[in-house]
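Please see the structure below; I have some questions.
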Amino acid sequence: MLVRVSVWVRRGLALAALASIAGFPASGLAGPLRVVTSFYPMYVHTLNVAGGVEGVTVENLTEPIAGCLHDFQLTTVHMRRLSDADVLVVNGGGMENFIGKAVAQRPKLKIVEASRGIRFLKNEAGHHHGHDHDHDHGNGDLNEHVWVSPELAIQQVWNIAKGLAAIDPERGDAYRANARAYADKLEALRKRMATELRPLSGKRVITFHEAFPYFAREFGLEVAAVVQREPGTEPSPRELARTIDLVKSSKVVAVFAEPQYPASGAQAIRRETGVEFGVLDPVVTGPEAPEKARDAYLEAMEKNLAALTRIVRTRSE
Ligand SMILES: [Zn+2]
């Protein structure tokens, strides 16, 4: 286990080292710039910062159906996209460990790390039911899902704008102006969410993948348990039984499934306990066409807000 962790840490460091050279002097020629993003939320952020800026193309490395990149494998198609790119925008925190090797082979590729300066939370994956089993989740136990918090998403947008402006100073003003406009929209939504979700402060919820700790922290929710499982699989009967016990024995207000994962486990919990059920979207999938993808984060967060305010209303009835 230790050996595996150290490999991940090393790769993480290699990526960080590359990120640190992102600001070296650009040519100043403002030629075409090919920006590739590691996965969907970085694609959406980067489209808002650089999409439509003359001479800049933004492409997502991985398919928008891929979801989170845990256990993702690069194919030759992905390798080609990477090798054509000038800049790679990554989330950081271990999410892109799978890219480390491919990036190391391309020393000229500049990396913009969206989570730069953001303090990562540790995964608390072991906290179903109070017994703390401490398993390794392949990323050195940091939780990478920072973009799911609107507040941190705003920071990521600014990091992307600053990173691109350092690499491509000629277009720096355009990146910053776009980031400002997008950050304003995110901030308006964030404020509204904070106000409308206040009644849920301190309330306990259950989720099905550890994508929500930053979101929960921002809005004062408590994630009572994360029903752990591999993407695309159902929780085991034992896991379900334990979660049902937890819902019955503690004040859990809702169980949330994610659109990227089957909901039958969460629905089984609802049937057994009568707890509220909803869908929360960590915005790892969505439309790829730029004109649709651009607002995908805002729209998904609106839906998340609606799912949560429905719980607020049910509880106040
Ligand atoms: Zn994830």
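Could you work out the local net charge near Glu218, counting Lys and Arg as +1, Asp and Glu as -1, over the other residues with Cβ closer than 9 Å to its Cβ?
Summing Lys/Arg as +1 and Asp/Glu as -1 gives +1.
So for each of 291-300, 35-44, 106-115 I average, over its residues, the number of other beta carbons within 10 Å; can you give me the resulting order with the highest mean first? Intermediate values should be presented prior to the final figure.
Working: 291-300: 18.0, 35-44: 27.4, 106-115: 20.1.
Those peptides, ordered most packed to least, come out 35-44, 106-115, 291-300.
Using θ = phi - 60° and the Karplus relation 6.51 cos²θ - 1.76 cosθ + 1.60, list the HN-Hα couplings for the range 94-100 in order, rounded to whole Hz, with x at every Gly or Pro.
Once θ is set to phi - 60°, the couplings for the range 94-100 become x, 4, 9, 3, 5, 8, x Hz.
Highest mean first, how do 157-168, 196-207 rank when packing is the count of other Cβ atoms within 10 Å averaged over residues? Before the final figure, lay out the partial values.
Numbers: 157-168: 23.4, 196-207: 17.8.
Descending packing order for the listed peptides: 157-168, 196-207.
Given charges of +1 on the Cβ of Lys and Arg and -1 on the Cβ of Asp and Glu, with all other atoms neutral, how large is the dipole of the range 199-316 about its Cα centre, in debye to the nearest 20?
620 debye
Over the range 199-316, what percent of the accessible surface lies on carbon and sulfur atoms, probe 1.4 Å?
On the way: 2630 of 5160 Å².
Solvent-exposed carbon and sulfur of the range 199-316 make up 51 percent of the total.
According to the square roots a ≥ b ≥ c of the eigenvalues of the Cα gyration tensor, what is the shape class of the range 179-317, taking rounded for a/c under 1.5, prolate for a/b larger than b/c otherwise, and oblate for the remainder?
Working: a/c = 2.33, a/b = 1.44, b/c = 1.62.
Because a/c hits 1.5 or more and a/b fails to exceed b/c, the range 179-317 counts as oblate.
Ranked from the most accessible area to the least, with a 1.4 Å probe and all protein chains present, what is the order of Glu302, Glu144?
Result, largest first: Glu302, Glu144.
Check Leu33: other-chain or 5+ apart residues with amide H under 5 Å from its amide H, H built from backbone geometry?
Hits under the 5 Å cutoff: Val56, Thr57.
Another one. For a 25 Å ceiling on Cα separation, which of these pairs sit above it: Lys108/Lys162; Lys101/Lys292; Lys110/Lys162; Lys203/Lys303; Lys162/Lys185?
As for pairs spanning more than 25 Å Cα to Cα, those are Lys101/Lys292.
Residue by residue through the range 277-282, what is 3J(HN,Hα) from phi via Karplus (6.51 cos²θ - 1.76 cosθ + 1.60, θ = phi - 60°)? Round to whole Hz and write x for glycine and proline.
10, x, 10, 10, 9, x
For the range 199-316, what is the accessible area per residue in Å² when the probe is 1.4 Å?
44 Å²
The values are calculated or read from the model by the stated rules, or taken from the named source; none is laboratory data. Fair warning: this is a prediction, and the values are worked out from it, not measured in the lab. Every residue, glycine as well, gets a Cβ built from its backbone with ideal geometry; the counts of neighbours run over all protein chains shown. For the accessible areas, the whole protein counts, side chains as well, though only heavy atoms, and no ligand, DNA or RNA atoms are used. Shrake-Rupley method; radii C 1.70, N 1.55, O 1.52, S 1.80 Å.
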